[in-house]
1. Could you tell me which of rounded, prolate or oblate describes region 239-396, using a ≥ b ≥ c as the square roots of the eigenvalues of the alpha-carbon gyration tensor, with rounded for a/c under 1.5 and, failing that, prolate when a/b is larger than b/c and oblate otherwise?
2. List 361, 125, 397 from most exposed to least, where exposure is judged by having the fewest other Cβ atoms within 10 Å.
3. Compute the relative contact order of region 52-167 as a whole-number percentage, counting only Cα pairs closer than 8 Å that sit 6 or more residues apart in sequence.
4. Between 0 and 90 degrees, rounded to the nearest ten: what's the tilt of helix 2-11 against the longest Cα principal axis of the chain?
5. Would you mind telling me which residue in 19, 138, 192 has the biggest mean-square fluctuation in a Gaussian network model of the chain, where springs connect alpha carbons within a distance under 10 angstrom?
6. With both bridge residues required to lie in the chain, what share of the DSSP beta bridges run antiparallel, to the nearest 5%?
7. Rounded to the nearest 10 degrees, what's the angle between the helix 111-120 long axis and the longest principal axis of the chain, both from Cα atoms, 0 to 90?
8. Output the relative contact order of the chain, whole-number percent, from Cα pairs under 8 angstrom with separation of 6+ residues.
Ligand SMILES: [Zn+2]
């Protein structure tokens with residue numbers, strides 16, 4: 001506890017000056033990579049400060065609510081949670097701070113939390129912890145316990161993707177975060193860099209989102225890892241969409257609702273087009289394109305214009321049997337696949353007839369589709385032909401040592 005108190009004293013000052021300097025350093029670093037960030041901030045911390053965070057909104061920094069008080073939300077009733085979230089939204093609004101999303105303190109939430117967030121008018125939640133594998137020698141009992149406390153799920157089992165469910169978009173929070181590296185593993189900067197680079201590589205390969213979780217007060221020990229990740233993300237092709245959480249949530253809904261039209265151009269030749277939703281792109285593999293298209297990632301082609309003409313003997317979309325669960329179709333559409341209800345497998349290049357489809361089935365199904373070699377035309381998962389997404393995000397629990405002390409009480 002003494003060591004912890006000493007660390008806290010070094011990170012926060014009696015006035016917000018120290019944290020102001022830290023934030024300004026963090027933001028100028030991000031700016032070098034033309035990268036924004038999302039900082040969820042505890043409402044009482046926002047209430048007790050004035051002018052510290054507001055100014056960053058003009059610099060691609062998004063703020064989200066991080067609870068009203070920094071407490072375990074699962075200990076509150078639905079009504080208490082709703083009351084606090086409504087009050088949080090009101091305070092953000094009074095202060096002129098845009099606030100679309102929510103992250104639970106300690107990443108702990110329950111079904112009541114999600115219902116209250118939605119009812120209070122937030123469009124997304126980013127509290128689901130998703131743990132990427134770490135080398136065995138770094139594993140500690142304490143880290144395992146923290147993962148349990150956070151209710152973390154494994155990235156070996158679940159995709160790191162948004163999920164639009166019940167009109168709330170849920171965006172995972174990738175672990176290990178800065179807190180794990182600095183306070184729990186007490187590992188070297190190069191080890192941290194190596195592990196974050198590996199997560200970037202995996203999310204890029206799987207076309208997923210990497211939420212680079214870094215609380216602003218730990219920017220200095222984590223700076224090397226962050227800079228390496230951002231530099232690599234900028235260089236990757238097809239590109240990585242570096243953005244904020246509210247943009248991810250808005251995009252996920254917008255793309256899932258984009259309309260796709262197709263008609264027979266001539267015998268054996270089809271034309272597919274989208275309704276022109278900004279950022280929506282078509283991708284096609286193993287079809288004979290008859291309109292201009294360029295290579296996207298080695299297996300998919302991306303048309304030069306908003307439409308693609310091609311020759312195919314069967315419909316290069318995903319056929320789903322009428323008896324399959326509605327969630328299967330919803331999940332596939334959220335990934336950008338073009339899904340059609342079909343009685344049998346004869347007309348489509350890929351056909352699914354499943355009695356059940358659970359969250360655990362998502363990753364194996366995505367692998368089956370993406371590693372398959374059947375003809376497929378789909379929408380790009382991310383805007384403007386990006387292959388994966390990245391968002392730097394970290395909570396601001398406190399701006400002064402007083403905020404921190406009040407948090408404990
Ligand atoms: Zn927090």
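Only the coordinates and a few stated rules stand behind these numbers; no lab work does. These figures come from a predicted structure and were not determined experimentally. Quick reminder, even Gly has a Cβ in these numbers, built from the backbone with ideal geometry, and neighbours come from all protein chains shown.
1. Note, shape of region 239-396 comes out oblate.
2. Working: 361 14, 125 24, 397 21.
Fewest-to-most ranking of 361, 125, 397: 361, 397, 125.
3. Values: 142 pairs, mean separation 28.4, N = 116.
Averaging sequence separation for qualifying contacts and normalising by length gives 25 percent for region 52-167.
4. 70
5. Of the options given, 138 has the highest mean-square fluctuation.
6. DSSP beta bridges in the chain are roughly 45 percent antiparallel.
7. Rounded to the nearest ten degrees, it is 90.
8. That works out to 20 percent.
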